[in-house]
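Novice: Pasting a structure here, questions to come.
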Amino acid sequence: MSRTIFAFVLAATLAAAMVRQEYPVSDDGIPQPPGFPAPVYRITSGTNNAALAALGERLFEDPILSADSTISCETCHQPFAAFAHVDHALSHGVEGRIGRRNVPSLQNLAWQTSFMWDGAIANLDMQSLSPITGHDEMASNLDTLIHKLSTNAAYPRLFREAFGTDTITVPRVLRAVGRFVAGFVSANARYDRYIAGKDTLAENELRGLQLFRAHCASCHAEPLFTNNGFASNGLRPNAALPDSGRYLVTHNQQDLFRFRVPTLRNITRTHPYMHDGRFKKLRDVLAHYASPQALDGHADASVRSIGPLSDVDRKDIIAFLMTLEDQ
Amino acid sequence: MRCDSVRAAACQVLLLALLTGVCSGQGTVQVSFAPSFRGAALEFDTTVYRTTRGADVTVSMLKFYVSNLELRGRSDTVRLAGEHFLMDLSDPDRMAVSMRAPSGTYNALRFTIGVDSSLNESGPREGALDPRHGMYWTWATGYIFSKIEGTVTTPQLSRRMFEIHIGGFKAPCQNTVTIDVPFTHPVKVADQQMDIVIDVAVDAFFDADGGFDIAARPSVTDARQAVDVAPRWRKMFRANE
């Protein structure tokens, strides 16, 4: 049940990383690129979709969400970096507080079944509660925040346009931000156009794709480049920054040091890499996967079996990963 | 949305049914929760209570979600309300819930302390479940079902805060608690409002089952830590008749 309209993918103010695209949209206003599964994300009924996304965009960019009005979502999730934080291994919040993890990119969240590196959050709308109130992030008190928004010159009108009345509540804030970030769609890379038969890949990129399908796609599954699961890709625990990953959520021994399989779309823009930002370059990442003897004991079998990759193999895989950059 | 005539007619029938229902056999039940410590009304903040384990405690907060309220008769059970109510027993305005119930004679009240698992994973909600009430773990998915907070002092330990936050909606940390409160005198629901007062014995939290070592565990703040603490809530409720 979807109509083709001009789908709002990203605001014009955001850099050319991911651009306005024409896709069919779901009844919830979420773009449906060809080949993608049905989105998991749903908006609540009774809202004006376009106004909701516009309100969400405004909130996403507005430092009003932080305790001292210095930090917005965008401070950490930079539009030109597929909404990751370029060159920052760990996140930086209010008063320069350093977080415990690397800022992930925000893409295709409408298809994601859990959020955060350990999947601790199950619902996209609920997710922004975490940065808004988090001590190392925006550190806001919710009562104060609602007061600030309600007495702001612009927000009551924007809430009325989105929700029908100008009452500002925490659930409304969360729904608007959730709806905005759910619209970050990456589906217009050279890879996508190659799959759609509209573009070609070079010899080395094609070889990279084959190697990728053989060694990486069991976790980084096409077309989202994640299977939405959790795995250990063999990183050794970081002694300076202990993080037991998925275990923190399930308390299940076998989840120790497992993390959410991240998407690899726009991966060239989202360095540094991994939950603690330990690798600066894609060649460091490939060197990691190609060193079976250096893998941590918890590594999943599918990572162990990658084995040493030749220099050419590594370069070709990287060449393929570069085709995942949105045009 | 436009209400067409068929719907309007249906609405009227429904309304009529409701109204006649009211006249022929419904009453109002108010369930209120009264906090106590060893039989006396609990005084927040000011009074120091000694637990059987020898800790001196003051209580500054007692909040919980109550849901799935049911009145149980000899043969039938009526569900009172589908909603979740947030009780804050330090706030006189947030100690009671009022609901409609069919007329009849009832022997027990049953309710859940906690939030249904499906609501934990769905999107943000207004009203009692609004995360603004501070009853949601923001770094992970899930409501905090109950909070007891205060201070603890022992001969070995200078005064410090304690916070017992219970939540957890998924096995193996499924920490909702079902409470059955039997009445010694059956409760009759008829035309007038029926008041049911439930005594919430905070002493039982600290003292039941050999006692809770609050000095050793002053901080319970996630579902896993709460697993062995949540069942203590079962001991806290009885009808005040």
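Novice: Strands (runs of 3 or more DSSP E) wholly in the range B:22-109 with at least 1 residues that are crowded, with 18+ Cβ neighbours inside 10 Å, touching a His at 6+ places or on another chain (Cβ under 7 Å) and in contact (Cβ under 8 Å) with a residue 24 or more places away in the chain - which ones?
Specialist: Hits in the range B:22-109: B:56-72, B:77-88.
Novice: Sort out which residues of the range B:172-189 are surrounded by 14 or more Cβ atoms within 10 Å (Cβ to Cβ) and either acidic (Asp, Glu) or not in a strand (DSSP E or B) (or both), and write them in order of number.
Specialist: Residues satisfying the conditions are B:Asn175, B:Thr176.
Novice: Could I ask something else about it? Counting only residues that are buried (at least 20 other Cβ atoms within 10 Å of the Cβ) and more than 14 Å from chain B (Cβ to nearest Cβ), give me the helices (runs of 4 or more DSSP H) lying completely in the range A:157-236 with at least 2 of them.
Specialist: A:190-195, A:203-215
Novice: Given the conditions (1) touching a strand residue (DSSP E or B) at 6+ places or on another chain (Cβ under 8 Å); (2) among the aromatic types (Phe, Trp, Tyr); (3) at pLDDT below 95, which single one is not true for A:Phe259?
Specialist: (3)
Every residue, every condition in (1) within 25 Å of A:Ala38 (Cβ to Cβ); (2) of a type in the set (A, V, I, L, M, F, W, C), yes or no:
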residue: A:Lys198; (1), (2): yes, no
residue: A:Asn204; (1), (2): no, no
residue: A:Ala217; (1), (2): yes, yes
residue: A:Phe225; (1), (2): yes, yes
residue: A:Pro237; (1), (2): no, no
residue: A:Leu256; (1), (2): no, yes
residue: A:Met274; (1), (2): no, yes
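Novice: When you scan the range A:274-327, how many residues do you find that are in contact with a helix residue (DSSP H, G or I) (Cβ under 7 Å, 6 or more places away or on another chain) and of a type in the set (Gly, Ala, Ser)?
Specialist: 3
Novice: Still on this model: How many of the residues making up the range A:105-136 are touching a Leu at 6+ places or on another chain (Cβ under 8 Å), aromatic (Phe, Trp, Tyr) and either assigned to a loop (DSSP other than H, G, I, E, B) or outside the structural domain of A:Thr70 (by TED's automatic domain parsing) (or both)?
Specialist: Adding up the residues that qualify gives 0.
Novice: Here is a check on your reading of the model: is B:Phe169 within 30 Å of B:Asp76 (Cβ to Cβ), within 18 Å of the chain's Cα centre (by Cα), within 14 Å of chain A (Cβ to nearest Cβ) and buried (at least 20 other Cβ atoms within 10 Å of the Cβ)?
Specialist: Yes.
Novice: Then there's this: Tell me which residues, restricted to the range A:274-295, are in a helix (DSSP H, G or I), of a type outside the set (A, V, I, L, M) and closer than 18 Å to A:Ala89 by Cα.
Specialist: A:Arg283, A:Asp284, A:His288 - these are the residues of the range A:274-295 that are in a helix (DSSP H, G or I), of a type outside the set (A, V, I, L, M) and closer than 18 Å to A:Ala89 by Cα.
Novice: For A:Phe80, indicate whether it is part of a helix (DSSP H, G or I) and not aliphatic (A, V, I, L, M).
Specialist: yes
Novice: Can you tell me which of B:Phe111, B:Phe85 is more than 14 Å from chain A (Cβ to nearest Cβ), among the aromatic types (Phe, Trp, Tyr) and in contact with a helix residue (DSSP H, G or I) (Cβ under 9 Å, 6 or more places away or on another chain)?
Specialist: Criteria check complete, one pass: B:Phe85.
Novice: Here is a follow-up. Which count do you get for residues in the range A:109-126 that are polar (S, T, N, Q) and more than 9 Å from chain B (Cβ to nearest Cβ)?
Specialist: Of the residues in the range A:109-126, 2 are polar (S, T, N, Q) and more than 9 Å from chain B (Cβ to nearest Cβ).
Novice: Quick check: is even one residue across the range A:296-312 under 21 Å from the mean Cα position of the chain (by Cα), part of a helix (DSSP H, G or I) and over 17 Å from A:Phe212 (Cβ atoms)?
Specialist: no
Novice: Still on this structure: Hey, could you check the range B:153-166 for residues that are surrounded by fewer than 20 Cβ atoms within 10 Å (Cβ to Cβ) and assigned to a strand (DSSP E or B) and say which is farthest from the other protein chains (Cβ to nearest Cβ)?
Specialist: By that ranking, first place goes to B:Thr154.
Novice: Being within 14 Å of another protein chain (Cβ to nearest Cβ), touching a Leu at 6+ places or on another chain (Cβ under 6 Å) and at pLDDT 90 or above: is that true of B:Arg132 here?
Specialist: Considered against the rule, which asks whether it is within 14 Å of another protein chain (Cβ to nearest Cβ), touching a Leu at 6+ places or on another chain (Cβ under 6 Å) and at pLDDT 90 or above, B:Arg132 comes out as yes.
Novice: Please find, among B:Ile148, B:Ile144, the residue that is under 29 Å from A:His251 (Cβ atoms), of a type outside the set (D, E, K, R), assigned to a strand (DSSP E or B) and within 14 Å of another protein chain (Cβ to nearest Cβ).
Specialist: Exactly one of B:Ile148, B:Ile144 is under 29 Å from A:His251 (Cβ atoms), of a type outside the set (D, E, K, R), assigned to a strand (DSSP E or B) and within 14 Å of another protein chain (Cβ to nearest Cβ), namely B:Ile144.
Novice: Moving to a separate point now. In the range A:237-264, what count of residues is obtained for those that are closer than 17 Å to A:Asn102 by Cβ, within 14 Å of chain B (Cβ to nearest Cβ) and touching a helix residue (DSSP H, G or I) at 6+ places or on another chain (Cβ under 9 Å)?
Specialist: Residues in the range A:237-264 being closer than 17 Å to A:Asn102 by Cβ, within 14 Å of chain B (Cβ to nearest Cβ) and touching a helix residue (DSSP H, G or I) at 6+ places or on another chain (Cβ under 9 Å): 4 in total.
The values are calculated or read from the model by the stated rules, or taken from the named source; none is laboratory data. All of these numbers come straight from a predicted model, not from anything done at the bench. With ideal geometry, Cβ positions are generated from the backbone for all residues, glycine too; neighbour counts draw on all protein chains shown.
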